[in-house]
1. How much length would be gained if the chain were fully extended between residue A:7 and residue A:61, taking 0.36 nm per residue of separation minus their Cα-Cα distance, in nm to one decimal?
2. Within 10 Å of each residue's Cβ, count the other Cβ atoms and sort B:61, B:17 from fewest upward.
3. Would you mind ranking A:80, A:5, B:24 by Cβ crowding within 10 Å, fewest neighbours first?
4. Determine the distance separating the Cα centre of segment A:5-36 from the Cα centre of segment A:58-84; give it in Å without decimals.
5. Would you mind ranking A:43, B:32, B:1 by Cβ crowding within 10 Å, fewest neighbours first?
6. What does the charge count around residue A:37 come to, taking other residues whose C-beta lies under 11 Å from its C-beta (Lys +1, Arg +1, Asp -1, Glu -1)?
7. Fully extended, how many nm does the chain gain between residue B:70 and residue B:22 (0.36 nm per residue separation, minus their Cα-Cα distance)?
8. Spin-label point model (7 Å from Cα, Cβ direction): what's the residue B:1 to residue B:102 distance in nm?
Amino acid sequence: MIDPVFSAILEISKFLLFLAMILVCIRIVRGPHAADRVVALDMLCMLGVSIAALAAITSGSMAFIDVVLGIALIGFLATVAFAAFIERGSSQSGEN
Amino acid sequence: MLMWFSAFFVLIGSIITFIAGLGVLRLPDFFMRMHAATKAGVVGPSLLLVGAGFHEPSLATWIKIALAVLFLFMTTPIAAHVLGKAGFLGGVHLWQGTSRNDLKKVLSPSAFLETESARPDEKRKADMMPGSPATRQDH
């Protein structure tokens, strides 16, 4: 049932997503401006979506697709809220 | 056969997602980073979701996957637009190699502050235009 080539492809995908998550976390730590960190947070939510889709394949239960919807909604709302926060902070305090 | 479709989409999607993460780390500018995270960051998870749909195809799964992909494609441009405007007003430094900045003529952080402080003056001027109720009350 499980082809060794298919499981190898799944392992490669997991490794690539793991590397991408490390790179994005480095950007969250290093980001010079708050907006850079928010972009990296949005990308982290997209990586969460990717990992949930991969978990739906490896575990075989399609309930993880619902998790995808939840993570995407939370990521969108967090990005918009942080954007409003950054904009308001810049208009009140001048330079940031 | 469907398993190989699934493997193809999963591999391409994870490669594109990795490229998006690499761009978020390595590109020199906030707006370039946002470009990487927005475009490649939507296509990669969408391809992974399509690969998950090919792994166990059923109508309910495909409906959920279509909803998720549609949601991603609808919300990510809105979030990127709002965040780009907020970053520009927040004073993000552009890359030194930027040759042209047309948005600065319309919407720069300093201009935004001036218009914020000068908004009452503009309102008064607008009220004192001929024909407006304010001028009629003055006479």
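Taken together, the values in this text are just the output of simple stated rules run on the coordinates, not laboratory data. Source: prediction; values computed, not measured. Please note: Cβ atoms are built from the backbone with ideal geometry, for glycine as well, and neighbour counts cover all protein chains shown.
1. On the way: separation 54, 0.36 × 54 = 19.44 nm, distance 1.64 nm.
Contour length minus Cα-Cα distance gives 17.8 nm.
2. Working: B:61 18, B:17 30.
Exposure proxy ranking, most exposed first: B:61, B:17.
3. Numbers: A:80 18, A:5 11, B:24 31.
So the ranking, lowest neighbour count to highest, is A:5, A:80, B:24.
4. 17 Å
5. Details: A:43 30, B:32 16, B:1 6.
Fewest-to-most ranking of A:43, B:32, B:1: B:1, B:32, A:43.
6. Net charge in that neighbourhood comes out at +1.
7. On the way: separation 48, 0.36 × 48 = 17.28 nm, distance 2.50 nm.
Between residue B:70 and residue B:22, full extension yields an extra 14.8 nm.
8. A separation of 4.9 nm, rounded to one decimal place.
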